[in-house]
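Right, one structure below, let's go through it.
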Amino acid sequence: MLEEITTNARQIQEQLLGEILSKNAETEYLQGFLHGQTDKQLFKKNVPIVTYDDIKPYIDRIANGKASFDILLVEPLIGFSLTAGTAGGQPKLIPITAESANVTEALDLPETLLLKAPPPSGYWHRNSSEELLQQQSPKTNHFGLSIYRHFGDLSQVGKRMELLYAKPEVETPSGLKASAVTTRAFKESSFQAILPKLYTSPYETIFCPDTKQSTYCQLLFGLIQRDEVVVIGSIFAATVLRGIKFIENNWRELCSNIKTGKISDWITDSGCRKAASLILKPNPKLADLLEDICSCKSWEGIVRKLWPKTKYIGTVCTGAMLQFTAELEFYCGGLPLVSGIYACSEGAIAINMEPLSKPSDVSYTILPNTVYYEFLPIKEDCVTDSQNQVQLNTSRHKDTETVDLVNVKPGQCYEILVTSPTGLYRYRVEDIIKVTGFHNNTPQFQFVGRQNVALGVDMERTSEADILKAVAEAKALLDLLGLILTEYTSYGDTSSTPGHYVIFWEIKPKEGNNNNNVGKELDPKVMEECCSKMEDSLHFTYRMYRKENIIAALEIRVVKQGAFEALLDYFVSNGASLSQYKTPICIKTKEALNILDSRVIAKFFSPRTPIQDN
Ligand code: AMP
């Protein structure tokens with residue numbers, strides 16, 4: 001199947017665009033640019049490249065029920081997907097149709113569903129061969145097949161301990177429901193049918209509205225079923241790490257619950273209590289064993305000890321999640337970190353055909369049958385040459401030729417545009433990728449970062465990729481102090497002139513988990529060197545501005561343990577889905593800033609101007 005669609009990528013893409021245009025030529029949106037025509041060249045000439053903000057007025061009209069539904073597409077909407085909203089502002093509403101729901105869910109689901117569940121009907125509707133559809137067996141969809149090749153059929157030997165969180169749906173004034181794509185997936189009857197057999201988390205814990213209670217119970221039930229667990233995971237790596245830290249902070253209570261067979265009183269959610277009443281039985285032997293494991297001095301490799309049959313960690317470790325992999329590796333003791341898919345609420349985009357590749361090496365293979373792609377070349381290589389900043393804006397895009405899927409060039413960075421069956425036309429996903437090669441006629445790429453996440457305190461713009469690289473270089477110095485950088489984010493501080501970059505760091509000792517003394521242990525010389533190192537590795541304009549005192553010295557603010565947990569709580573209480581939460585690379589709101597600022601334990605500034613190019 002994958003061979004067929006990747007070989008016929010060009011035809012599949014052409015056919016898909018043709019279908020989208022002929023179906024939707026009469027919509028208000030396309031009429032305005034194409035006047036009823038469906039010509040593909042005209043489409044690229046006349047229909048503008050847009051961001052979410054550009055189409056928001058159309059989406060708002062649909063959501064507010066003030067207009068008929070054929071504003072963006074002819075097919076009726078069944079609701080909206082809510083994006084996580086933390087990587088680039090507020091959550092967005094992405095239209096869903098009955099048909100598209102199948103495609104998106106198939107790829108946004110936790111990977112088990114890719115592994116075992118039959119693809120939902122219609123998933124392969126883009127494929128030219130009906131016969132292949134008939135032959136599709138439950139366990140041989142794309143990603144499932146590559147996992148199967150490496151690990152065998154894990155669903156026959158055990159369960160998955162995945163931290164999964166559903167978020168309540170929101171009803172728009174038009175009566176359409178908006179929910180996180182993952183929540184929609186969890187509500188699917190096919191998911192609920194396989195849940196008890198394949199997962200350790202009961203349905204009630206996934207749907208528990210209190211995330212702390214949900215996490216506690218999911219981990220408790222995961223520990224109880226430790227002998228059955230073969231995969232640990234969540235959608236994003238940050239969530240897996242939070243889960244491990246949660247156990248680190250709460251293992252005594254978890255063990256006590258297991259010993260007595262009684263769940264803690266503060267678990268008040270009736271669903272969680274009901275699930276506990278069915279699963280939790282007094283088991284002093286297991287409690288003693290777990291206590292033994294957890295009370296060891298170093299937590300290195302703890303995941304293997306707690307869940308000895310685990311084969312791999314299934315979670316997205318690329319992009320913004322790369323920052324968590326060092327710590328995950330520490331806890332997971334050599335277990336493979338498997339990033340299965342690249343997907344977003346706007347569409348299912350790509351899969352990883354080599355699940356065992358290291359997170360920093362993962363290349364995703366595009367699925368040419370889900371949305372129609374165009375690629376906006378980014379002039380400079382945004383990965384390997386940090387002197388050049390990634391700078392794009394919509395007005396520049398108007399003059400820029402886009403490249404079709406099959407014509408992208410290896411080594412080149414692009415921003416992805418999608419035209420989807422859900423009413424998005426030449427829409428900027430705002431993700432940047434670097435093409436690494438081809439599988440048949442379909443490109444493979446590494447995820448580079450979000451286009452719109454940038455720091456800037458003057459005219460300069462610093463991309464997410466720049467920040468990631470700068471932090472990666474500086475944090476190596478922490479090794480000298482026996483410390484690990486656990487989380488970070490950044491902030492463009494313009495409260496004084498000139499403005500300066502602030503990087504918030506949460507740090508902990510390699511041994512043990514308590515960072516209360518970290519502030520005292522930090523050698524100012526090393527920390528100042530960390531500041532300078534970051535500046536040295538930032539782009540040309542930044543360093544030039546620093547020399548000319550247009551930007552002041554970069555500052556590291558070390559925050560106490562739990563500060564980033566508090567940031568997460570803030571975003572979740574403001575509507576972000578916990579399952580899809582990603583620590584923002586840049587802080588943009590006063591509230592979020594206050595959360596971190598109120599937890600600062602030490603501050604350091606770069607003592608010199610960064611190294612300039614000759
Ligand atoms: P959302 O719109 O909330 O569904 O989030 C989708 C965004 O998450 C994408 O646009 C990417 O920025 C990010 N994302 C999804 N999958 C991956 C991946 N495999 N690697 C890196 N980032 C990803």
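The values are calculated or read from the model by the stated rules, or taken from the named source; none is laboratory data. As the structure is a prediction and not an experimental result, all values here were calculated from the model. Every residue, glycine among them, receives a Cβ derived from its backbone with ideal geometry; neighbour counts consider all protein chains shown. Accessible surface areas use protein heavy atoms only, side chains included; no ligands, DNA or RNA. Shrake-Rupley method; radii C 1.70, N 1.55, O 1.52, S 1.80 Å.
Residues in the range 212-256 that are under 22 Å from the mean Cα position of the chain (by Cα) and of a type in the set (Gly, Ala, Ser): 214, 233, 234, 237, 238, 243. Quick test of your reading of the structure: residue 613 fulfils all but one of (1) open to solvent by 20 Å² or more (accessible area, probe 1.4 Å); (2) under 28 Å from residue 245 (Cβ atoms); (3) of a type in the set (D, E, K, R). Name the failing condition by number. Unmet for residue 613, out of (1) open to solvent by 20 Å² or more (accessible area, probe 1.4 Å); (2) under 28 Å from residue 245 (Cβ atoms); (3) of a type in the set (D, E, K, R): (2). Could you check, for the range 280-302, whether at least one of its residues is part of a helix (DSSP H, G or I), surrounded by 18 or more Cβ atoms within 10 Å (Cβ to Cβ) and small (Gly, Ala, Ser)? Yes, some residue in the range 280-302 is part of a helix (DSSP H, G or I), surrounded by 18 or more Cβ atoms within 10 Å (Cβ to Cβ) and small (Gly, Ala, Ser). Inspect the range 533-547 for any residue being open to solvent by less than 60 Å² (accessible area, probe 1.4 Å) and closer than 19 Å to residue 601 by Cα and give the result as yes or no. Within the range 533-547, none of the residues are open to solvent by less than 60 Å² (accessible area, probe 1.4 Å) and closer than 19 Å to residue 601 by Cα. Here residue 346 meets each of (1) more than 8 Å from the ligand (Cβ to nearest atom); (2) open to solvent by 10 Å² or more (accessible area, probe 1.4 Å); (3) among the charged types (D, E, K, R) with one exception, condition (1). For the range 500-522, a tally of residues being surrounded by fewer than 19 Cβ atoms within 10 Å (Cβ to Cβ) and modelled with pLDDT under 85 returns 10. Of the helices (runs of 4 or more DSSP H) lying entirely inside the range 1-80, the ones with 2 or more residues being polar (S, T, N, Q) and open to solvent by 20 Å² or more (accessible area, probe 1.4 Å) are found at 9-24, 40-46.
Taking residue 496, is it among the hydroxyl-bearing types (Ser, Thr, Tyr), surrounded by fewer than 22 Cβ atoms within 10 Å (Cβ to Cβ) and at pLDDT 90 or above? Criteria not met by residue 496. Counting only residues that are near the ligand (Cβ under 10 Å from one of its atoms) and open to solvent by 20 Å² or more (accessible area, probe 1.4 Å), the range 453-470 holds 0 of them. Restricting attention to the range 349-365 and to residues that are outside any helix (DSSP H, G or I) and either over 23 Å from residue 441 (Cβ atoms) or near the ligand (Cβ under 10 Å from one of its atoms) (or both), the residue that is most open to solvent (accessible area, probe 1.4 Å) turns out to be 358.
Test of understanding: among 195, 220, which residue is away from the ligand (no atom under 16 Å from the Cβ), closer than 14 Å to residue 246 by Cα and not aromatic (Phe, Trp, Tyr)? Of the residues listed, the single one that is away from the ligand (no atom under 16 Å from the Cβ), closer than 14 Å to residue 246 by Cα and not aromatic (Phe, Trp, Tyr) is 220. Inspect all residues belonging to the range 188-205 and state whether any of them is surrounded by 24 or more Cβ atoms within 10 Å (Cβ to Cβ) and within 20 Å of the chain's Cα centre (by Cα). Looking through the range 188-205, none of the residues is surrounded by 24 or more Cβ atoms within 10 Å (Cβ to Cβ) and within 20 Å of the chain's Cα centre (by Cα). When you check residue 445 against the structure, is it within 16 Å of the ligand (Cβ to nearest atom), modelled with pLDDT of 80 or more and of a type outside the set (Val, Ile, Thr), yes or no? Here the answer is yes, as residue 445 does meet what is asked. Going residue by residue through the range 317-325, is there one that turns out to be modelled with pLDDT of 95 or more and under 30 Å from residue 97 (Cβ atoms)? For the range 317-325, residues modelled with pLDDT of 95 or more and under 30 Å from residue 97 (Cβ atoms): absent.
Where helices (runs of 4 or more DSSP H) fall entirely within the range 540-614, those with at least 3 residues that are within 16 Å of the ligand (Cβ to nearest atom) are at 563-573. Applying the criterion of being open to solvent by less than 20 Å² (accessible area, probe 1.4 Å) and over 13 Å from the mean Cα position of the chain (by Cα) to the residues of the range 326-343, the residue that is farthest from the ligand (Cβ to nearest atom) is 331. The combined condition, being modelled with pLDDT under 95, part of a loop (DSSP other than H, G, I, E, B), closer than 30 Å to residue 93 by Cβ and open to solvent by less than 10 Å² (accessible area, probe 1.4 Å), is fulfilled by residue 368. For the range 100-117, the count of residues that are more than 15 Å from the ligand (Cβ to nearest atom), open to solvent by less than 40 Å² (accessible area, probe 1.4 Å) and either at pLDDT 90 or above or of a type in the set (Lys, Arg) (or both) is zero. Among the residues of the range 303-325, those identified as assigned to a helix (DSSP H, G or I), open to solvent by less than 20 Å² (accessible area, probe 1.4 Å), out of contact with any Phe, Trp or Tyr (no Cβ under 8 Å at 6 or more places or on another chain) and more than 8 Å from the ligand (Cβ to nearest atom) are 306, 324, 325. Here residue 230 clears all of (1) in contact with a Ser or Thr (Cβ under 7 Å, 6 or more places away or on another chain); (2) assigned to a helix (DSSP H, G or I) except the condition numbered (2).
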